[in-house]
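Let me begin by presenting the structure, written as structure tokens, before commenting on it.
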Amino acid sequence: MRIAGAAKLVVVIAIFLLTFYVISQVFEIKMDANLGHIFARSALDAAARSTKPPRYKCGISKACPEKHFAFKMSSGAANVVGPKICVEDNVLMSGVKNNVGRGINVALVNGKTGELIDTKFYDMWGGDVAPLIEFLKSIQDGTIVLMATYDDGATKLNEEARKLIAELGSTSITNLGFRDNWVFCGGKGIKTKSPFEQHIKNNKDTNKYEGWPEVVEMEGCIPQKQD
């Protein structure tokens, strides 16, 4: 009887040890798998962070050199979404800021500091061109001038207004027509034509929207005014 009891005890102990061993092995495998998953995920996250492209001011595609101001702008979309003007990562005009309107939208920026001077919009469909002309004449030398159309920016434009905008460096202003989309960046006192200008004609055969062309966008680096 003692031998049988001892044998049973040995069997019980053996089963316990075997069970413990199996459980410990399974647990260790799961731990290794979880740790492996964690390390693999961390490695992937680190790789993703290292390959994520850098963000530049105003969301432009590349960094500007020293002594240049980054800018990005877009015209309005039909008569639904207003234009947007950003300089040095500061949104100067947009529908969200509620400071844009039908016609020609204008932002003035200090050519030395990049700081905002003023924003205005002039209704060139139902408004008067005289306030726009007066405003253009008041701009000081060395001022960066950014313009974007919304809905219609040309109907009320006359020869005098077009000439004043051309003197800021625009070449497309003479051909700006009804519901054309146009963005422009120039300056008061500029000696040459500006390289920063985009213009899309209103054409019923090519318009993206029913009565308006697609949105026109532009980005670049404006040279800082030097003394």
(message) For a quick check of understanding: with a 1.4 angstrom probe and all protein chains in place, what accessible area in square angstrom does Thr155 have, to the nearest ten?
(response) 60 Å²
(request) Note down the net charge around Asp141, summing +1 for each Lys or Arg and -1 for each Asp or Glu among other residues with Cβ under 14 Å from its Cβ. (result) +3
(message) If I stretch the segment between Phe178 and Thr155 completely, what's the gain in nm (0.36 nm per residue apart, minus their alpha carbon distance), one decimal?
(response) 7.7 nm
(message) Test of the criteria: in the range 144-222, which GluC sites (Glu not before Pro) are in a DSSP loop and have at most 12 other Cβ atoms within 10 angstrom of their Cβ?
(response) Glu210
(message) From the protein chains alone at 1.4 Å, what is the descending order of accessible area for Phe196, Phe178, largest first?
(response) Phe178, Phe196
(request) Please work out the Cα convex hull volume for the range 122-227 and give it in Å³ per residue. (result) 92 Å³
(message) For a quick check of understanding: with a 1.4 angstrom probe and all protein chains in place, what accessible area in square angstrom does Asp205 have, to the nearest ten?
(response) 130 Å²
(request) Measure off 7 Å from each Cα along the Cα-to-Cβ vector at Glu66 and Lys163, then give the distance between these two points in nanometres to one decimal. (result) 4.3 nm
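The values are calculated or read from the model by the stated rules, or taken from the named source; none is laboratory data. What you see is a predicted model; the values in this text were computed from it and never measured. In this analysis, Cβ positions are derived from the backbone assuming ideal geometry, glycine residues included, and neighbour counts consider all displayed protein chains. Heavy atoms of the whole protein, side chains included, go into the accessibility calculation; ligands, DNA and RNA do not. Shrake-Rupley method; radii C 1.70, N 1.55, O 1.52, S 1.80 Å.
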